[in-house]
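Colleague: This is the structure, below, for whatever I ask next.
The values are calculated or read from the model by the stated rules, or taken from the named source; none is laboratory data. Note that the coordinates shown come from a computational prediction; the quantities given were computed from them, not determined experimentally. Cβ placement follows ideal geometry from the backbone for every residue including glycine, while neighbour counts extend to all protein chains displayed. Heads up: the accessible areas ignore ligands, DNA and RNA and are worked out on the full protein's heavy atoms, side chains in. Shrake-Rupley method; radii C 1.70, N 1.55, O 1.52, S 1.80 Å.
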Amino acid sequence: VERLPHVVVIGAGFAGLNAARALRDAPVSVTLIDARNHHTFQPLLYQVATAGLEAEEVAYPVRGIFQKQRNLRFLMARVTGIDLPEKRIRLDTGVTVTYDYLVLAAGAISADFGVAGVSEHALTLKTLDDAVRMRGHIIRQFELADANPGLIQHGALHVVVAGGGPTGVEMAGALIELFDHVLTRDFPAIRRDDMRVTLVENGGRLLAPFHAALSESARRALERRGVTLRFNDGIAGVDAGGVTLKSGERISAQTVIWSAGVRANPLASLLGVAQTRGGRLVVKDDLSLPDHPEVFAVGDIAAGAAASGGAYPQLARPAMQSGTHAARQIERRLHGDAPQPFVYHDPGTMATIGRNDAVVQFPIGLRLSGVLGWLVWVFLHLMMLVGFRNRLNVFVNWAYTYLTYDRGARLTQVPALNTLRSRNGTAA
Ligand SMILES: Cc1cc2nc3c(=O)[nH]c(=O)nc-3n(C[C@H](O)[C@H](O)[C@H](O)COP(=O)(O)OP(=O)(O)OC[C@H]3O[C@@H](n4cnc5c(N)ncnc54)[C@H](O)[C@@H]3O)c2cc1C
């Protein structure tokens with residue numbers, strides 16, 4: 001029997017899932033590899049970190065997503081090496097996998113931009129584990145301060161958010177809601193005035209990629225909620241007691257959330273091929289690597305083109321569109337058809353600031369903020385969630401939280417996620 005071409009997809013994020021799915025009817029066998037056994041819906045991680053949603057509501061088991069896709073096999077393993085000339089991938093399980101076509105979709109990681117102390121003392125928000133850790137950390141600070149109020153003057157209840165992009169803005173807004181509606185009730189002995197959020201932004205405004213009017217609307221919304229904003233100042237260092245700003249100012253804070261930016265997954269640097277600023281892989285217009293037509297790079301790890309010029313933004317939509325495009329190109333290659341260029345079509349960008357408040361910007365120039373923006377945000381995020389069951393779960397939980405202001409998941413410890421890892425698998 002003739003062997004089907006083997007397509008390996010690295011990463012079950014937005015890009016990898018869409019690439020793998022788009023190959024469901026293609027005459028290929030697909031191996032999808034991810035270090036975790038679930039897809040993470042990163043846009044809602046901040047809800048997990050602030051106890052608004054439970055971890056399982058923003059993650060979905062990869063095997064569940066692909067139960068019906070006969071030509072796909074899932075491997076839970078971390079990729080540790082890629083040999084482009086030999087078309088071979090090394091896994092942390094000790095297994096090597098060979099491919100005919102490779103789709104690299106390993107995403108991005110938090111970038112500390114060389115700021116001292118970030119990796120030791122700041123919390124990042126990229127994975128489900130990060131979100132659960134952040135939630136536990138924040139609630140633990142409240143428990144500690146309740147037991148020993150002297151800790152408050154050392155910043156036990158002060159959260160510093162680094163970066164005024166969408167993630168920083170969302171985090172700051174959600175923290176205020178957690179304080180106002182949950183922690184003030186859980187901790188009646190703690191004064192609301194002692195719970196503080198400070199957001200530090202290098203530039204002069206929030207949400208830099210958005211229209212200035214929406215930046216302004218986000219600024220007003222956060223200030224109205226009591227967030228302290230610092231513009232034109234950056235974080236020079238993080239330590240066990242808080243942060244030091246570039247201006248020299250010192251802020252005591254036991255929680256520092258680093259949401260200042262991302263860089264491409266370090267796998268990109270292992271390939272020895274061209275990378276842009278931020279480590280993103282340089283791709284040809286069909287999303288394949290120069291000199292390696294059988295390798296495609298999609299989503300946050302790559303720098304494919306946007307219709308507006310330059311690389312597409314590191315967001316969910318371009319990841320999904322680029323993943324699907326790479327799959328189509330592999331099919332065309334198999335049929336001997338010429339490659340097609342990829343151009344990202346922007347359906348709009350948004351960021352939420354809190355209950356009833358979000359900013360949305362459509363490419364045609366339409367801008368929304370406030371309640372209307374929030375309704376559009378809710379609708380589009382639910383549409384994007386993977387799997388019907390999940391979507392319904394999240395919606396029901398949200399509706400409940402919305403109506404009652406009660407937030408369920410606020411344990412300081414939960415059992416470790418992802419414990420099972422096979423050590424002796426075999427692969428094609
Ligand atoms: C907190 C947060 C909020 C966000 N909010 C929004 C938003 O509101 N709207 C929006 O459009 N975008 C948002 N984004 C960005 C969006 O989530 C990303 O652009 C998108 O996830 C990129 O998709 P991807 O498939 O390239 O990578 P990812 O979704 O990151 O997936 C990469 C996958 O690769 C796996 N992987 C990584 N390294 C390895 C390895 N060595 N071996 C095996 N597997 C590996 C990972 O486990 C992961 O499953 C947000 C991101 C974050 C972190």
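Colleague: Go over the candidates R205, R230, R192 one by one and state the one that is in contact with a Ser or Thr (Cβ under 9 Å, 6 or more places away or on another chain), at pLDDT 95 or above, of a type in the set (D, E, K, R) and closer than 25 Å to D346 by Cβ.
Modeller: Details: R230 fails: closer than 25 Å to D346 by Cβ; R192 fails: closer than 25 Å to D346 by Cβ.
Matching residue, one of R205, R230, R192: R205.
Colleague: For V79, state whether it is more than 14 Å from the chain's Cα centre (by Cα), among the β-branched types (V, I, T) and within 30 Å of A240 (Cβ to Cβ).
Modeller: Details: more than 14 Å from the chain's Cα centre (by Cα): yes; among the β-branched types (V, I, T): yes; within 30 Å of A240 (Cβ to Cβ): no.
No, not satisfied.
Colleague: What number of residues within segment 237-253 are open to solvent by 40 Å² or more (accessible area, probe 1.4 Å), assigned to a loop (DSSP other than H, G, I, E, B) and closer than 14 Å to E120 by Cβ? Before you say what the answer is, go through the steps one by one.
Modeller: Residues of segment 237-253 open to solvent by 40 Å² or more (accessible area, probe 1.4 Å): 239-240, 244, 246-250, 252.
Next cut, assigned to a loop (DSSP other than H, G, I, E, B) only: 240, 246-249.
Checking which are closer than 14 Å to E120 by Cβ leaves us with 240.
Qualifying residue count, segment 237-253: 1.
Colleague: Run V273 past the list (1) more than 16 Å from the ligand (Cβ to nearest atom); (2) among the hydrophobic types (A, V, I, L, M, F, W, C); (3) open to solvent by 20 Å² or more (accessible area, probe 1.4 Å); (4) touching a helix residue (DSSP H, G or I) at 6+ places or on another chain (Cβ under 8 Å) and report the number of the one that doesn't hold.
Modeller: (4)
Colleague: Looking at (1) open to solvent by less than 10 Å² (accessible area, probe 1.4 Å); (2) over 14 Å from Y46 (Cβ atoms), which is the one condition that is false for L178?
Modeller: Unmet condition: (2).
Colleague: Provide a single number: the residues in segment 142-167 that are open to solvent by 20 Å² or more (accessible area, probe 1.4 Å) and under 26 Å from F187 (Cα atoms).
Modeller: Qualifying residue count for the region: 11.
Colleague: Right, next: Report, ordered by the first and then the second residue, all pairs with beta carbons closer than 8 Å, sequence separation of six or more or different chains, a first member in segment 39-63 that is at positive phi and in contact (Cβ under 8 Å) with a residue 40 or more places away in the chain, and a second member that is aliphatic (A, V, I, L, M) and more than 10 Å from the ligand (Cβ to nearest atom).
Modeller: So the pair list comes out as A51/I139; A51/L178; A51/V182; A51/A409.
Colleague: Mind checking which residues of segment 293-325 are hydroxyl-bearing (S, T, Y) and either in contact (Cβ under 8 Å) with a residue 60 or more places away in the chain or near the ligand (Cβ under 10 Å from one of its atoms) (or both)? Reasoning before the result, please.
Modeller: Of all residues in segment 293-325, those hydroxyl-bearing (S, T, Y) come to 308, 312, 322, 324.
Hits for segment 293-325 are Y312, S322, T324.
Colleague: For residues in segment 339-372 being within 14 Å of the ligand (Cβ to nearest atom) and polar (S, T, N, Q), which is least open to solvent (accessible area, probe 1.4 Å)?
Modeller: Residue satisfying both the conditions and the ranking: T352.
Colleague: Further, regarding this structure: Restricting the first residue to segment 263-278 and requiring it to be more than 21 Å from P313 (Cβ to Cβ), which pairs with a second residue that is among the charged types (D, E, K, R) and open to solvent by 30 Å² or more (accessible area, probe 1.4 Å) meet a Cβ separation below 9 Å and a spacing of at least six or different chains?
Modeller: Once the first residue is more than 21 Å from P313 (Cβ to Cβ) and sits in segment 263-278, its partners that are among the charged types (D, E, K, R) and open to solvent by 30 Å² or more (accessible area, probe 1.4 Å) give V273/D291.
Colleague: Another question about this same structure. Where the second residue is buried (at least 18 other Cβ atoms within 10 Å of the Cβ) and the first is of a type in the set (S, T, N, Q) and lies in segment 137-154, which pairs have Cβ atoms under 7 Å and are six or more apart or on separate chains?
Modeller: Here the result reads Q141/A156; Q141/L157; Q141/Q254; Q141/T255, each pair linking segment 137-154 to a residue that is buried (at least 18 other Cβ atoms within 10 Å of the Cβ).
Colleague: Could I ask something else about it? If you go through segment 13-72 one residue at a time, how many are under 30 Å from L183 (Cα atoms), open to solvent by less than 20 Å² (accessible area, probe 1.4 Å) and part of a loop (DSSP other than H, G, I, E, B)?
Modeller: Here the count works out to 5.
Colleague: Moving on. Counting just the residues of segment 1-12 that are away from the ligand (no atom under 15 Å from the Cβ) and in a loop (DSSP other than H, G, I, E, B), which one comes out least open to solvent (accessible area, probe 1.4 Å)?
Modeller: Taking segment 1-12 as the starting set, the residues that turn out to be away from the ligand (no atom under 15 Å from the Cβ) are 1-7.
Next, from what is left, pick out any that are in a loop (DSSP other than H, G, I, E, B): 1-5.
On the way: V1: 193, E2: 168, R3: 161, L4: 87, P5: 34 Å².
Once the filter is applied, the top-ranked residue is P5.
Colleague: For the list (1) in a strand (DSSP E or B); (2) open to solvent by less than 10 Å² (accessible area, probe 1.4 Å); (3) of a type outside the set (D, E); (4) closer than 30 Å to R328 by Cα, I need the number of the one condition that A268 fails.
Modeller: (1)
Colleague: Related question: Just name the residue that is nearest to the ligand (Cβ to nearest atom) out of those in segment 79-128 that are assigned to a loop (DSSP other than H, G, I, E, B) and surrounded by fewer than 16 Cβ atoms within 10 Å (Cβ to Cβ). Quick ask: steps written out before the conclusion?
Modeller: Step one: filter segment 79-128 for residues assigned to a loop (DSSP other than H, G, I, E, B), giving 84-87, 92-95, 99-100, 105-107, 111-115, 117, 122, 125-127.
Restricting the remaining residues to those that are surrounded by fewer than 16 Cβ atoms within 10 Å (Cβ to Cβ) gives 85-86, 92, 94, 113-114.
On the way: P85: 20, E86: 18, D92: 8, G94: 14, F113: 16, G114: 20 Å.
Among residues in segment 79-128 that are assigned to a loop (DSSP other than H, G, I, E, B) and surrounded by fewer than 16 Cβ atoms within 10 Å (Cβ to Cβ), the one nearest to the ligand (Cβ to nearest atom) is D92.
Colleague: One residue is enough: does segment 31-49 have a residue meeting the conditions more than 10 Å from the ligand (Cβ to nearest atom) and at pLDDT 95 or above?
Modeller: The answer is yes; a qualifying residue exists.
Colleague: Further, regarding this structure: Considering only residues that are part of a helix (DSSP H, G or I), open to solvent by 30 Å² or more (accessible area, probe 1.4 Å) and of a type outside the set (K, R), which ones fall in segment 286-338? Steps first, please.
Modeller: Within segment 286-338, the first condition is being part of a helix (DSSP H, G or I), and the residues that meet it are 299-301, 316-335.
Remaining after also requiring open to solvent by 30 Å² or more (accessible area, probe 1.4 Å): 317, 320-321, 324, 328, 331-335.
If the condition is that a residue be part of a helix (DSSP H, G or I), open to solvent by 30 Å² or more (accessible area, probe 1.4 Å) and of a type outside the set (K, R), then M320, Q321, T324, E331, L334, H335 are the ones that fit.
Colleague: Is it true that A399 is at pLDDT below 90, among the small types (G, A, S), away from the ligand (no atom under 16 Å from the Cβ) and out of contact with any His (no Cβ under 7 Å at 6 or more places or on another chain)? Before the answer, list the steps.
Modeller: On the way: at pLDDT below 90: yes; among the small types (G, A, S): yes; away from the ligand (no atom under 16 Å from the Cβ): yes; out of contact with any His (no Cβ under 7 Å at 6 or more places or on another chain): yes.
Taking the combined requirement at face value, the residue satisfies it.
Colleague: So, one more: Looking at segment 350-370, I want the residues that are touching a residue at least 12 places away in the same chain (Cβ under 8 Å) and have a partner that is in a strand (DSSP E or B) and of a type in the set (S, T, Y) with Cβ atoms under 9 Å, at least 6 apart or on another chain. Which pairs are those?
Modeller: Partner pairs satisfying both residue conditions: A358/T352; V359/T349; V359/T352; V360/T349; Q361/T349; F362/T349; P363/T349.
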